[in-house]
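The values are calculated or read from the model by the stated rules, or taken from the named source; none is laboratory data. All of these numbers come straight from a predicted model, not from anything done at the bench. Neighbour counts run over all protein chains shown; Cβ positions are idealised from the backbone, glycine included.
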Amino acid sequence: MTEAVRKTFLAGSFWTEESGGAFAALPALEGERTFDVVIVGGGYSGLSAAIELRKAGHSVGLVEAERVGFGASGRSCGQVAIDLGANPTWTLNMHGREKFQRLANVLARAIANVQVNIDSSGRDCDYVANGNIMAGVHESQLRKLEAFSELYNSVGLETELLDREALARRGIPGSVVCGFHEKLGGTLDPVKYARCLVDLALEAGVEIFENSPVLQLETGKRLTVKTRAGSIRADKCVLATNAYSGELGKLKHTIVPLSVSALVTKPLTQDQRACIGWQGQEGMHTAHRVIENLRLTPDGRILVGTKRARLGFGTRHPRADDPKIFNELALVLRERFPEIPDVEIDLGWTGRVAISADFIPSFGNVSRNGDVYYASGYGGHGIAMASYSGKVIGDLICGKDLGDAEVLVNRKMVPLPPEPFRWIVIQSMLSGMGLADKLVDRAVRKKQR
(Lines give C-alpha, C1' and ligand atoms only; values in the text may rest on other atoms or scores of the structure.)
Protein backbone atom coordinates (compact mmCIF):
# COMPACT_ATOMS: atom_id res chain seq x y z
CA MET A 1 0.00 0.00 0.00
CA THR A 2 2.75 2.41 0.93
CA GLU A 3 4.81 1.42 -2.09
CA ALA A 4 1.87 2.32 -4.32
CA VAL A 5 1.99 5.86 -2.92
CA ARG A 6 5.75 6.17 -2.91
CA LYS A 7 6.08 5.13 -6.54
CA THR A 8 3.73 7.97 -7.46
CA PHE A 9 4.87 10.46 -4.83
CA LEU A 10 4.57 13.98 -6.26
CA ALA A 11 7.11 16.77 -5.97
CA GLY A 12 4.16 19.13 -6.39
CA SER A 13 0.64 18.00 -5.54
CA PHE A 14 -2.34 16.24 -7.05
CA TRP A 15 -3.72 19.64 -8.01
CA THR A 16 -0.58 20.72 -9.88
CA GLU A 17 -0.50 17.30 -11.55
CA GLU A 18 -4.10 17.68 -12.65
CA SER A 19 -3.48 21.12 -14.14
CA GLY A 20 -0.50 19.78 -16.09
CA GLY A 21 0.73 22.38 -18.56
CA ALA A 22 -2.56 24.24 -18.63
CA PHE A 23 -1.03 27.41 -17.20
CA ALA A 24 1.72 29.13 -19.14
CA ALA A 25 4.87 29.94 -17.17
CA LEU A 26 5.60 33.56 -16.34
CA PRO A 27 9.11 34.96 -16.93
CA ALA A 28 11.88 34.88 -14.36
CA LEU A 29 13.32 38.12 -13.00
CA GLU A 30 16.26 39.39 -15.05
CA GLY A 31 18.24 42.59 -14.62
CA GLU A 32 17.53 45.43 -12.23
CA ARG A 33 13.96 46.60 -11.67
CA THR A 34 12.34 49.20 -9.44
CA PHE A 35 8.87 49.08 -7.87
CA ASP A 36 7.08 50.80 -5.03
CA VAL A 37 6.51 47.40 -3.37
CA VAL A 38 8.21 44.05 -3.88
CA ILE A 39 6.37 40.93 -2.73
CA VAL A 40 8.22 37.71 -1.95
CA GLY A 41 6.02 34.65 -2.40
CA GLY A 42 3.47 33.73 -5.04
CA GLY A 43 0.84 31.97 -2.95
CA TYR A 44 -2.54 33.31 -1.86
CA SER A 45 -1.03 35.88 0.53
CA GLY A 46 1.43 37.32 -1.97
CA LEU A 47 -1.02 37.42 -4.85
CA SER A 48 -3.83 38.98 -2.81
CA ALA A 49 -1.46 41.60 -1.38
CA ALA A 50 -0.24 42.41 -4.88
CA ILE A 51 -3.81 42.90 -6.09
CA GLU A 52 -4.77 45.22 -3.22
CA LEU A 53 -1.60 47.32 -3.39
CA ARG A 54 -1.90 47.71 -7.15
CA LYS A 55 -5.51 48.85 -6.74
CA ALA A 56 -4.21 51.46 -4.29
CA GLY A 57 -1.92 52.83 -6.98
CA HIS A 58 1.42 51.23 -6.06
CA SER A 59 3.66 49.65 -8.66
CA VAL A 60 4.15 46.03 -7.59
CA GLY A 61 6.65 43.32 -8.50
CA LEU A 62 6.17 39.79 -7.16
CA VAL A 63 8.90 37.12 -7.08
CA GLU A 64 8.18 33.42 -6.63
CA ALA A 65 10.86 30.74 -6.18
CA GLU A 66 8.94 28.15 -8.23
CA ARG A 67 5.58 28.52 -9.98
CA VAL A 68 2.78 30.53 -8.40
CA GLY A 69 0.82 28.31 -6.02
CA PHE A 70 3.66 25.78 -5.78
CA GLY A 71 3.92 26.02 -1.98
CA ALA A 72 1.20 25.52 0.62
CA SER A 73 -1.42 27.26 -1.52
CA GLY A 74 -1.31 24.54 -4.17
CA ARG A 75 -0.77 21.61 -1.78
CA SER A 76 -3.75 22.03 0.52
CA CYS A 77 -6.80 19.80 0.71
CA GLY A 78 -8.86 22.56 -0.89
CA GLN A 79 -11.28 23.10 2.01
CA VAL A 80 -12.51 26.62 2.75
CA ALA A 81 -13.48 26.08 6.36
CA ILE A 82 -14.21 27.78 9.67
CA ASP A 83 -11.11 28.02 11.83
CA LEU A 84 -10.59 30.10 14.97
CA GLY A 85 -7.41 28.52 16.24
CA ALA A 86 -6.67 24.90 17.05
CA ASN A 87 -9.51 25.00 19.58
CA PRO A 88 -12.02 27.90 19.56
CA THR A 89 -12.65 27.51 23.29
CA TRP A 90 -8.96 28.04 23.99
CA THR A 91 -8.91 31.00 21.62
CA LEU A 92 -11.85 32.59 23.45
CA ASN A 93 -10.24 32.06 26.84
CA MET A 94 -6.88 33.38 25.63
CA HIS A 95 -8.09 36.49 23.81
CA GLY A 96 -11.43 37.34 25.41
CA ARG A 97 -14.92 37.74 23.97
CA GLU A 98 -14.37 41.04 22.15
CA LYS A 99 -11.28 39.90 20.22
CA PHE A 100 -12.85 36.53 19.58
CA GLN A 101 -15.87 38.22 17.97
CA ARG A 102 -13.62 40.41 15.85
CA LEU A 103 -11.64 37.35 14.72
CA ALA A 104 -14.92 35.70 13.71
CA ASN A 105 -15.94 38.82 11.77
CA VAL A 106 -12.67 38.81 9.84
CA LEU A 107 -13.00 35.09 9.10
CA ALA A 108 -16.56 35.49 7.79
CA ARG A 109 -15.40 38.27 5.44
CA ALA A 110 -12.43 36.16 4.35
CA ILE A 111 -14.65 33.21 3.45
CA ALA A 112 -17.08 35.44 1.53
CA ASN A 113 -14.10 36.99 -0.26
CA VAL A 114 -13.23 33.64 -1.85
CA GLN A 115 -16.43 33.72 -3.89
CA VAL A 116 -15.85 37.39 -4.74
CA ASN A 117 -12.39 36.59 -6.14
CA ILE A 118 -13.69 33.67 -8.20
CA ASP A 119 -16.56 35.73 -9.60
CA SER A 120 -14.23 38.66 -10.39
CA SER A 121 -11.81 36.46 -12.33
CA GLY A 122 -14.45 34.48 -14.18
CA ARG A 123 -12.29 31.37 -13.75
CA ASP A 124 -13.82 28.01 -12.85
CA CYS A 125 -12.18 26.90 -9.59
CA ASP A 126 -14.49 23.92 -8.95
CA TYR A 127 -15.79 25.80 -5.91
CA VAL A 128 -18.73 24.07 -4.25
CA ALA A 129 -19.92 26.45 -1.54
CA ASN A 130 -21.84 23.89 0.51
CA GLY A 131 -19.86 24.23 3.73
CA ASN A 132 -17.95 21.52 5.58
CA ILE A 133 -18.72 18.91 8.20
CA MET A 134 -16.78 18.87 11.46
CA ALA A 135 -17.00 15.16 12.11
CA GLY A 136 -16.77 12.98 15.18
CA VAL A 137 -15.73 9.36 14.73
CA HIS A 138 -16.49 8.38 18.34
CA GLU A 139 -19.21 9.37 20.79
CA SER A 140 -16.58 10.79 23.15
CA GLN A 141 -16.11 13.68 20.71
CA LEU A 142 -19.77 14.76 20.87
CA ARG A 143 -19.41 17.15 23.81
CA LYS A 144 -16.50 18.90 22.11
CA LEU A 145 -18.48 19.25 18.89
CA GLU A 146 -21.52 20.63 20.72
CA ALA A 147 -19.35 23.23 22.47
CA PHE A 148 -17.65 24.28 19.22
CA SER A 149 -20.96 24.55 17.37
CA GLU A 150 -22.54 26.66 20.10
CA LEU A 151 -19.49 28.93 20.24
CA TYR A 152 -19.39 29.46 16.48
CA ASN A 153 -23.11 30.25 16.39
CA SER A 154 -22.67 32.80 19.19
CA VAL A 155 -20.37 34.89 16.98
CA GLY A 156 -22.36 34.60 13.76
CA LEU A 157 -20.55 31.66 12.13
CA GLU A 158 -23.64 29.59 11.45
CA THR A 159 -23.53 25.85 12.11
CA GLU A 160 -26.07 23.06 12.53
CA LEU A 161 -25.61 20.10 14.85
CA LEU A 162 -26.18 16.74 13.13
CA ASP A 163 -27.30 13.66 15.02
CA ARG A 164 -27.08 10.16 13.54
CA GLU A 165 -30.37 10.53 11.66
CA ALA A 166 -29.37 13.89 10.18
CA LEU A 167 -25.98 12.48 9.16
CA ALA A 168 -27.72 9.51 7.51
CA ARG A 169 -30.11 11.80 5.61
CA ARG A 170 -27.12 13.68 4.23
CA GLY A 171 -25.47 10.39 3.25
CA ILE A 172 -22.40 11.13 5.37
CA PRO A 173 -20.21 8.00 5.52
CA GLY A 174 -21.16 5.72 8.41
CA SER A 175 -17.83 6.09 10.21
CA VAL A 176 -19.00 9.57 11.26
CA VAL A 177 -21.21 9.21 14.36
CA CYS A 178 -21.69 12.87 15.31
CA GLY A 179 -20.88 16.27 13.90
CA PHE A 180 -22.03 19.68 12.78
CA HIS A 181 -22.41 21.40 9.43
CA GLU A 182 -20.43 24.59 8.92
CA LYS A 183 -22.65 26.58 6.58
CA LEU A 184 -19.87 28.89 5.37
CA GLY A 185 -17.19 27.83 2.91
CA GLY A 186 -16.88 24.66 0.86
CA THR A 187 -14.34 22.91 -1.34
CA LEU A 188 -12.35 24.00 -4.39
CA ASP A 189 -9.33 23.22 -6.54
CA PRO A 190 -6.54 25.17 -4.80
CA VAL A 191 -4.31 25.49 -7.89
CA LYS A 192 -7.17 26.79 -10.02
CA TYR A 193 -7.93 29.28 -7.24
CA ALA A 194 -4.29 30.42 -7.24
CA ARG A 195 -4.56 31.00 -10.99
CA CYS A 196 -7.74 32.97 -10.37
CA LEU A 197 -5.68 35.35 -8.21
CA VAL A 198 -2.92 35.42 -10.84
CA ASP A 199 -5.47 36.55 -13.42
CA LEU A 200 -6.69 39.33 -11.15
CA ALA A 201 -3.12 40.42 -10.35
CA LEU A 202 -2.00 40.55 -13.98
CA GLU A 203 -5.16 42.37 -14.97
CA ALA A 204 -4.45 44.97 -12.27
CA GLY A 205 -0.93 45.52 -13.64
CA VAL A 206 1.19 43.48 -11.22
CA GLU A 207 4.41 42.08 -12.67
CA ILE A 208 4.95 38.45 -11.58
CA PHE A 209 8.30 36.69 -11.85
CA GLU A 210 8.34 32.91 -11.48
CA ASN A 211 11.35 30.64 -10.93
CA SER A 212 13.11 33.48 -9.12
CA PRO A 213 14.18 32.34 -5.65
CA VAL A 214 15.32 35.15 -3.37
CA LEU A 215 18.98 34.87 -2.44
CA GLN A 216 19.26 38.02 -0.37
CA LEU A 217 17.05 40.66 1.20
CA GLU A 218 18.87 43.91 1.94
CA THR A 219 17.25 46.64 4.00
CA GLY A 220 18.45 50.18 4.44
CA LYS A 221 17.94 53.43 2.61
CA ARG A 222 16.79 51.45 -0.40
CA LEU A 223 15.40 47.97 0.09
CA THR A 224 16.74 45.39 -2.39
CA VAL A 225 15.65 41.84 -3.17
CA LYS A 226 18.24 39.81 -5.08
CA THR A 227 17.62 36.67 -7.14
CA ARG A 228 19.89 34.56 -9.34
CA ALA A 229 19.54 36.72 -12.42
CA GLY A 230 18.23 40.03 -11.21
CA SER A 231 17.25 42.34 -8.40
CA ILE A 232 14.36 44.57 -7.38
CA ARG A 233 14.68 47.86 -5.53
CA ALA A 234 11.60 49.03 -3.70
CA ASP A 235 10.37 51.26 -0.92
CA LYS A 236 8.60 48.42 0.83
CA CYS A 237 8.65 44.62 0.90
CA VAL A 238 5.93 42.11 1.80
CA LEU A 239 7.08 38.69 2.98
CA ALA A 240 4.34 36.28 1.92
CA THR A 241 6.52 33.26 2.58
CA ASN A 242 4.63 31.70 5.53
CA ALA A 243 6.31 28.34 6.36
CA TYR A 244 9.34 29.25 4.23
CA SER A 245 10.10 32.48 6.12
CA GLY A 246 12.87 30.87 8.19
CA GLU A 247 14.96 30.33 5.08
CA LEU A 248 15.11 34.13 4.75
CA GLY A 249 16.02 34.50 8.42
CA LYS A 250 12.62 35.94 9.35
CA LEU A 251 9.91 34.98 11.87
CA LYS A 252 11.99 32.11 13.26
CA HIS A 253 10.99 32.94 16.84
CA THR A 254 7.25 33.38 16.29
CA ILE A 255 6.22 31.00 13.46
CA VAL A 256 6.68 27.22 13.36
CA PRO A 257 6.80 25.44 9.97
CA LEU A 258 5.15 22.01 9.99
CA SER A 259 5.02 19.39 7.25
CA VAL A 260 1.69 17.71 6.46
CA SER A 261 0.83 15.16 3.80
CA ALA A 262 -2.14 13.98 1.76
CA LEU A 263 -3.09 11.23 -0.66
CA VAL A 264 -5.82 10.60 -3.20
CA THR A 265 -7.32 7.37 -4.42
CA LYS A 266 -7.90 6.46 -8.01
CA PRO A 267 -11.31 7.66 -9.27
CA LEU A 268 -14.10 5.69 -7.65
CA THR A 269 -16.13 3.29 -9.74
CA GLN A 270 -19.89 3.78 -9.90
CA ASP A 271 -20.37 0.92 -7.44
CA GLN A 272 -17.80 2.34 -5.01
CA ARG A 273 -19.36 5.78 -5.24
CA ALA A 274 -22.81 4.33 -4.52
CA CYS A 275 -21.48 2.43 -1.48
CA ILE A 276 -20.28 5.49 0.41
CA GLY A 277 -23.25 7.81 -0.22
CA TRP A 278 -21.95 11.33 0.51
CA GLN A 279 -24.42 12.87 -1.93
CA GLY A 280 -23.72 16.45 -0.86
CA GLN A 281 -19.95 16.01 -1.23
CA GLU A 282 -19.29 18.25 1.76
CA GLY A 283 -15.68 18.43 2.82
CA MET A 284 -15.05 16.94 6.25
CA HIS A 285 -12.47 17.56 8.95
CA THR A 286 -12.54 15.43 12.06
CA ALA A 287 -12.61 16.44 15.71
CA HIS A 288 -9.17 14.98 16.36
CA ARG A 289 -6.51 17.20 17.95
CA VAL A 290 -4.62 16.91 14.65
CA ILE A 291 -7.46 16.77 12.17
CA GLU A 292 -8.09 14.36 9.36
CA ASN A 293 -9.19 16.09 6.15
CA LEU A 294 -11.60 14.07 4.03
CA ARG A 295 -13.19 15.15 0.76
CA LEU A 296 -14.15 14.11 -2.75
CA THR A 297 -12.25 15.64 -5.66
CA PRO A 298 -14.07 16.95 -8.75
CA ASP A 299 -13.06 13.82 -10.70
CA GLY A 300 -14.46 11.46 -8.06
CA ARG A 301 -11.49 10.50 -5.89
CA ILE A 302 -11.29 10.42 -2.11
CA LEU A 303 -8.68 12.74 -0.65
CA VAL A 304 -7.28 12.05 2.83
CA GLY A 305 -5.01 14.64 4.42
CA THR A 306 -3.11 15.75 7.53
CA LYS A 307 -3.57 13.29 10.45
CA ARG A 308 -0.02 14.08 11.53
CA ALA A 309 2.06 17.26 11.56
CA ARG A 310 5.84 16.95 11.59
CA LEU A 311 8.53 19.39 12.66
CA GLY A 312 12.01 19.71 11.24
CA PHE A 313 15.05 21.03 13.10
CA GLY A 314 15.92 24.64 12.38
CA THR A 315 15.30 25.32 8.68
CA ARG A 316 15.52 21.64 7.78
CA HIS A 317 12.25 19.89 7.03
CA PRO A 318 11.17 16.28 7.54
CA ARG A 319 11.37 13.70 4.78
CA ALA A 320 8.58 14.44 2.33
CA ASP A 321 7.90 10.84 1.24
CA ASP A 322 8.12 9.22 4.68
CA PRO A 323 6.37 5.82 4.34
CA LYS A 324 5.17 5.92 7.97
CA ILE A 325 3.12 9.01 7.25
CA PHE A 326 1.47 7.54 4.17
CA ASN A 327 0.78 4.30 6.03
CA GLU A 328 -1.16 6.36 8.58
CA LEU A 329 -3.11 8.17 5.87
CA ALA A 330 -3.85 4.85 4.17
CA LEU A 331 -5.14 3.50 7.47
CA VAL A 332 -7.43 6.53 7.81
CA LEU A 333 -8.80 5.81 4.34
CA ARG A 334 -9.56 2.18 5.21
CA GLU A 335 -11.11 2.96 8.60
CA ARG A 336 -13.27 5.88 7.50
CA PHE A 337 -14.46 4.13 4.33
CA PRO A 338 -14.74 0.42 5.19
CA GLU A 339 -17.53 0.10 2.61
CA ILE A 340 -14.98 0.19 -0.22
CA PRO A 341 -11.96 -1.89 0.86
CA ASP A 342 -10.91 -2.37 -2.76
CA VAL A 343 -10.39 1.33 -3.56
CA GLU A 344 -6.82 1.90 -4.75
CA ILE A 345 -4.46 4.62 -3.57
CA ASP A 346 -3.01 6.65 -6.42
CA LEU A 347 -0.97 9.74 -5.50
CA GLY A 348 0.64 11.31 -2.43
CA TRP A 349 2.35 14.61 -1.65
CA THR A 350 3.61 16.77 1.22
CA GLY A 351 3.40 20.50 1.92
CA ARG A 352 4.20 22.93 4.71
CA VAL A 353 1.97 24.98 6.94
CA ALA A 354 2.95 27.57 9.54
CA ILE A 355 1.52 28.01 13.00
CA SER A 356 1.90 30.65 15.69
CA ALA A 357 1.88 29.77 19.39
CA ASP A 358 -1.87 30.48 19.58
CA PHE A 359 -2.70 29.14 16.09
CA ILE A 360 -4.00 32.55 14.99
CA PRO A 361 -2.69 34.41 11.89
CA SER A 362 -0.43 37.40 12.36
CA PHE A 363 0.35 40.47 10.25
CA GLY A 364 2.83 43.24 10.86
CA ASN A 365 6.29 44.66 10.36
CA VAL A 366 9.61 42.90 10.94
CA SER A 367 12.19 45.58 10.16
CA ARG A 368 13.72 48.44 12.11
CA ASN A 369 13.12 50.76 9.18
CA GLY A 370 9.45 49.82 9.02
CA ASP A 371 9.71 48.74 5.39
CA VAL A 372 9.31 44.95 5.60
CA TYR A 373 5.81 43.61 6.24
CA TYR A 374 4.63 40.04 6.68
CA ALA A 375 1.53 37.84 6.72
CA SER A 376 1.80 34.37 8.22
CA GLY A 377 0.59 31.67 10.60
CA TYR A 378 -2.66 30.42 9.08
CA GLY A 379 -2.39 27.10 10.91
CA GLY A 380 -3.44 24.80 8.08
CA HIS A 381 -6.91 26.21 7.28
CA GLY A 382 -5.42 29.04 5.30
CA ILE A 383 -7.31 29.34 2.02
CA ALA A 384 -9.76 32.00 3.16
CA MET A 385 -7.49 33.97 5.50
CA ALA A 386 -4.45 33.83 3.23
CA SER A 387 -6.37 35.13 0.24
CA TYR A 388 -7.91 37.86 2.41
CA SER A 389 -4.56 38.81 3.91
CA GLY A 390 -3.89 41.12 0.98
CA LYS A 391 -6.72 43.36 2.18
CA VAL A 392 -5.15 43.52 5.64
CA ILE A 393 -1.60 44.13 4.36
CA GLY A 394 -2.81 46.67 1.80
CA ASP A 395 -4.72 48.65 4.41
CA LEU A 396 -1.75 48.47 6.79
CA ILE A 397 0.73 49.81 4.22
CA CYS A 398 -1.67 52.48 3.01
CA GLY A 399 -2.47 53.63 6.55
CA LYS A 400 -6.17 52.83 6.27
CA ASP A 401 -8.56 51.84 9.05
CA LEU A 402 -8.00 48.13 9.71
CA GLY A 403 -11.38 47.55 11.31
CA ASP A 404 -11.75 44.19 13.03
CA ALA A 405 -8.48 42.99 11.46
CA GLU A 406 -6.61 45.30 13.81
CA VAL A 407 -6.57 42.47 16.37
CA LEU A 408 -4.28 40.49 14.03
CA VAL A 409 -1.79 43.27 13.29
CA ASN A 410 1.45 43.85 15.20
CA ARG A 411 0.01 41.85 18.06
CA LYS A 412 2.10 40.56 20.91
CA MET A 413 3.33 37.10 19.95
CA VAL A 414 4.45 34.38 22.32
CA PRO A 415 8.17 33.99 21.52
CA LEU A 416 9.51 30.56 20.69
CA PRO A 417 12.80 29.42 22.24
CA PRO A 418 15.91 28.89 20.09
CA GLU A 419 16.98 25.44 18.93
CA PRO A 420 17.25 22.81 20.25
CA PHE A 421 14.64 23.92 22.79
CA ARG A 422 12.12 24.92 20.12
CA TRP A 423 12.24 21.43 18.64
CA ILE A 424 11.84 19.83 22.07
CA VAL A 425 8.87 22.02 23.07
CA ILE A 426 6.96 21.71 19.79
CA GLN A 427 7.72 18.02 19.42
CA SER A 428 6.38 17.40 22.92
CA MET A 429 3.20 19.28 22.06
CA LEU A 430 2.72 17.30 18.83
CA SER A 431 3.36 14.03 20.65
CA GLY A 432 0.72 14.89 23.25
CA MET A 433 -1.82 15.74 20.55
CA GLY A 434 -0.99 12.54 18.69
CA LEU A 435 -1.44 10.45 21.84
CA ALA A 436 -4.90 11.92 22.47
CA ASP A 437 -5.89 11.07 18.89
CA LYS A 438 -4.56 7.52 19.20
CA LEU A 439 -6.76 6.96 22.24
CA VAL A 440 -9.84 8.03 20.24
CA ASP A 441 -8.89 5.80 17.31
CA ARG A 442 -8.29 2.82 19.59
CA ALA A 443 -11.74 3.31 21.11
CA VAL A 444 -13.25 3.33 17.60
CA ARG A 445 -11.46 0.10 16.65
CA LYS A 446 -12.45 -1.57 19.90
CA LYS A 447 -16.09 -0.72 19.26
CA GLN A 448 -15.94 -2.10 15.72
CA ARG A 449 -14.69 -5.53 16.83
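Looking only at the range 78-92, how many residues end up being assigned to a loop (DSSP other than H, G, I, E, B) and not charged (D, E, K, R)?
7
Only one of 71, 31, 78, 85 is touching a Pro at 6+ places or on another chain (Cβ under 7 Å), more than 19 Å from residue 204 (Cα to Cα) and touching a residue at least 24 places away in the same chain (Cβ under 8 Å). Can you tell me which?
78
Of all residues in the range 203-227, how many are β-branched (Val, Ile, Thr) and assigned to a loop (DSSP other than H, G, I, E, B)?
2
If you take just the strands (runs of 3 or more DSSP E) that sit entirely in the range 96-184, which of them hold at least 3 residues that are under 21 Å from residue 381 (Cβ atoms) and in contact with a Leu (Cβ under 6 Å, 6 or more places away or on another chain)?
178-182
Which residue, of 81, 86, is out of contact with any helix residue (DSSP H, G or I) (no Cβ under 6 Å at 6 or more places or on another chain), among the aliphatic types (A, V, I, L, M) and buried (at least 24 other Cβ atoms within 10 Å of the Cβ)? Break it down stepwise before answering.
Numbers: 86 fails: buried (at least 24 other Cβ atoms within 10 Å of the Cβ).
The match here is 81.
Just name the residue that is farthest from residue 190 (Cα to Cα) out of those in the range 276-295 that are of a type in the set (A, V, I, L, M, F, W, C) and surrounded by fewer than 22 Cβ atoms within 10 Å (Cβ to Cβ).
Among them, the one singled out is 276.
Among all residue pairs at least 6 apart or on different chains, which show Cβ distances below 8 Å where the first residue, located in the range 237-259, is in contact (Cβ under 8 Å) with a residue 60 or more places away in the chain and the second is acidic (Asp, Glu) and in a loop (DSSP other than H, G, I, E, B)?
237/371
Within the range 12-24, work out how many residues are in a loop (DSSP other than H, G, I, E, B) and either in contact (Cβ under 8 Å) with a residue 40 or more places away in the chain or buried (at least 20 other Cβ atoms within 10 Å of the Cβ) (or both).
The qualifying residues number 3.
Limited to the range 165-202, what total is found for residues that are without any contact (Cβ under 8 Å) to a residue 12 or more places away in the chain and over 30 Å from residue 336 (Cβ atoms)?
At the first step, the residues of the range 165-202 found to be without any contact (Cβ under 8 Å) to a residue 12 or more places away in the chain are 165-166, 168-169, 202.
Now narrow it down to the ones that are over 30 Å from residue 336 (Cβ atoms): 202.
Of the residues in that region, 1 qualify.
Residue-by-condition table, conditions (1) among the β-branched types (Val, Ile, Thr); (2) farther than 25 Å from residue 118 by Cβ; (3) in contact with a Lys or Arg (Cβ under 6 Å, 6 or more places away or on another chain):
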| residue | (1), (2), (3) |
| --- | --- |
| 386 | no, no, no |
| 389 | no, no, no |
| 401 | no, yes, no |
| 407 | yes, yes, yes |
| 414 | yes, yes, no |
| 417 | no, yes, no |
| 428 | no, yes, no |
| 436 | no, yes, yes |
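Would you confirm whether or not the range 377-392 contains a residue that is among the aliphatic types (A, V, I, L, M), buried (at least 22 other Cβ atoms within 10 Å of the Cβ), at pLDDT 95 or above and under 15 Å from residue 238 (Cα atoms)?
Scanning the range 377-392 turns up at least one residue that is among the aliphatic types (A, V, I, L, M), buried (at least 22 other Cβ atoms within 10 Å of the Cβ), at pLDDT 95 or above and under 15 Å from residue 238 (Cα atoms).
I'd like to know if the range 329-336 contains one or more residues that are assigned to a helix (DSSP H, G or I), among the basic types (Lys, Arg) and within 23 Å of residue 86 (Cα to Cα). Write out each step before concluding.
At the first step, the residues of the range 329-336 found to be assigned to a helix (DSSP H, G or I) are 329-336.
Then drop every residue that is not among the basic types (Lys, Arg), which leaves 334, 336.
Subset that is within 23 Å of residue 86 (Cα to Cα): 336.
Yes; the residues of the range 329-336 include at least one that is assigned to a helix (DSSP H, G or I), among the basic types (Lys, Arg) and within 23 Å of residue 86 (Cα to Cα).
Being under 30 Å from residue 362 (Cα atoms) and surrounded by fewer than 20 Cβ atoms within 10 Å (Cβ to Cβ) narrows it down to one of 233, 273, so name that one.
Result of the check over 233, 273: 233.
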